[in-house]
Every structure is written in structure tokens, then in C-alpha cells.
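Working notes, structure below.
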Amino acid sequence: MRIPIYQIDAFTHELFKGNSAAVCPLNEWIEDELMQKIAAENNLAETAFFVKKESDYELRWFTPTGEIDLCGHATLASAFVIFTYLEIDLREVKFHTKSGLLEVTQDEGLLTLIFPSREGVICGDIPEMLSKALGKEPKEVYKSRDYLAVFESEQDILDIAPNMDELKKLDGVGVIVTAKGNEVDFVSRFFAPKIGINEDPVTGSAHCTLVPYWKKVLGKSKFIALQVSERGGKLYCEDLGDMVKMSGEAVAYLEGYINVNNIVPK
């Protein structure tokens, strides 16, 4: 059995920047165990698998260690593959996922995702374990799927060198750190060692929590955001109330096939 595979750098127009995701189009679903093994073998933050169902697609995401319920950059990468290789006349694609229906549109090279908002709830006390893991105490902490730790400056975010073993002890999926940006509205980084991602280069799902926070702080609904990881990535975001809009670019790095024998369709 040969499974097509694409590797896409998302939220960037430059190769070797943004966040890299593997995308595997399937004719029908294969066993979960095999998808997990492929994701582990790829050893990228996420590997996306999709199957076409009538005019829409079913979409799932796997990290090297497990399946997750929402991933921005791998969704953008999946849409890029469909628009670029599979249905080149398409301008909008709908994905059915564990987080509901997700839509991606394209316009002049810019891909736009609309994801459900995940506004955080403020923690009355700053968790001591979180401050210890990050090596410095944030000024505020919120909790949604992830922890959101707010700091004073962009330099604070750049200087953070977290203890990954300590981060694994926290409940929740990951930890977002953020501050006002010097040349953009806000900056962030995202750590999720519990699911096999020490630091994610660009994290669309984290912006489902970042955007509603910064809307309250900055008093506006449209933002330019920069994830200041080593690879880095830029997102154009808008708060839509119960949804968050994120736009970015993507570029193809790799096209090929996975050769797997003795596969029985699910």
C-alpha cells in the first residue's frame, strides 16, 4: 500500500520557516494504530490524515505520541494540499473534525481558518508549579485547554527556557506564553511536552485562546501576531465572538509516498 504524503511549512511563505506538518490523503480510513505509527515515524509536531466524504472531508491530527482534537497549522497545511494538488479550482474546503466543522478559504495565496474560540478563565492564584516550570513568574495566568501565561514584554517571551519535565506535570495540554509585541500586536510561544511537542513553531489552536484575551486588553478585534519560536510564524487574526479567524501562507517542502505493506482498511 502506498500512502501519499506531503510536508508543508505553514504560516510562512519561506521554506524552513513556520510550522511543518505532514499531510496524508487517504481513500478510506486506516487503523488508528497505523496512523499513530506514521505520525511517530514522521516525528513532526502533527501529521494530518483526511478522507473525502461527498463534497467535504473528514480530518484527524496526530502528534508523535497521540491524537489531538484541534490543530491549526496542520489544518492549513491540509487545505493547502487540497487546493494545490487535489482540487485546484476549489476556493473553500470544509473539514469534519473532533472539534466540529472547520472551514478554510483561499484568496490570492492567503489561507484563512475559522476555529472555535477558547477563551481562558483567570486563575485566582498563579500556579507555583507553572512559574517553576517556566523559570519566571507571569503577571497573570488563564486556563482553557491550555494554560495562558502573560508576561510584561516580548523580551520576556524570548528569554523563557522552560523545564520540560516540570511542564509535563501540569494538567492541560500545553502552555502558551504571551506579551505585547514590539512591532506586532502580540507575540507568543507554545510548549506541549506532554503530547510530544517540546516547543511548537507556530500554533493555530493557541490563538483560539490568545485572540479573545488580547481583544479585551487591546480593545480591538483584528491583530497581527507573531509566534517567536526559532522558526517563527506570522498570523493575521480576528475575533468573531464565538469563533476566531486566522490567516496565513504556506509552502510545500516535500511530496512523496509512504510504503506500508499488509494494511487492512478500517
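Every number in this text was worked out from the coordinates using simple rules, so none of it is lab data. As the structure is a computational prediction, the values presented were derived from the model and not from experiment. Here the Cβ positions follow ideal geometry from the backbone for every residue, glycine too, while neighbour counts run over all protein chains shown.
What span do the alpha-carbon atoms of region 114-197 cover on each of the three principal axes, reported in whole Å from largest to smallest?
34, 31, 28
By the gyration tensor of its Cα atoms, with a ≥ b ≥ c the square roots of the eigenvalues, what is the shape of region 109-266: rounded for a/c under 1.5, prolate for a/b over b/c, or oblate? Don't jump to the answer; show the numbers that get you there.
Values: a/c = 1.73, a/b = 1.26, b/c = 1.37.
It is oblate, given that a/c is not under 1.5 and a/b is not larger than b/c.
Hey, which of these cross-link pairs are over 28 Å Cα-Cα: Lys132/Lys194; Lys132/Lys180; Lys52/Lys168; Lys180/Lys245; Lys139/Lys215?
Details: Lys132/Lys194 16 Å; Lys132/Lys180 22 Å; Lys52/Lys168 36 Å; Lys180/Lys245 20 Å; Lys139/Lys215 18 Å.
Among Lys132/Lys194; Lys132/Lys180; Lys52/Lys168; Lys180/Lys245; Lys139/Lys215, the Cα-Cα distance tops 28 Å for Lys52/Lys168.
Please give the peptides 136-143, 121-128, 68-75, 175-182 ranked by average Cβ packing (other Cβ atoms within 10 Å per residue), highest first, as a rough proxy for protection. Could the numbers behind the result be given before it?
Numbers: 136-143: 16.9, 121-128: 10.9, 68-75: 26.0, 175-182: 21.6.
Top of the packing list down: 68-75, 175-182, 136-143, 121-128.
Given contacts defined as C-alpha pairs under 8 Å and at least six residues apart, what's the relative contact order of region 121-243, whole-number percent?
Relative contact order of region 121-243: 19 percent.
Please work out whether region 5-113 counts as rounded, prolate or oblate from its C-alpha gyration tensor, where a ≥ b ≥ c are the square roots of the eigenvalues and a/c under 1.5 means rounded, while otherwise a/b larger than b/c means prolate and anything else oblate?
Verdict is oblate for region 5-113.
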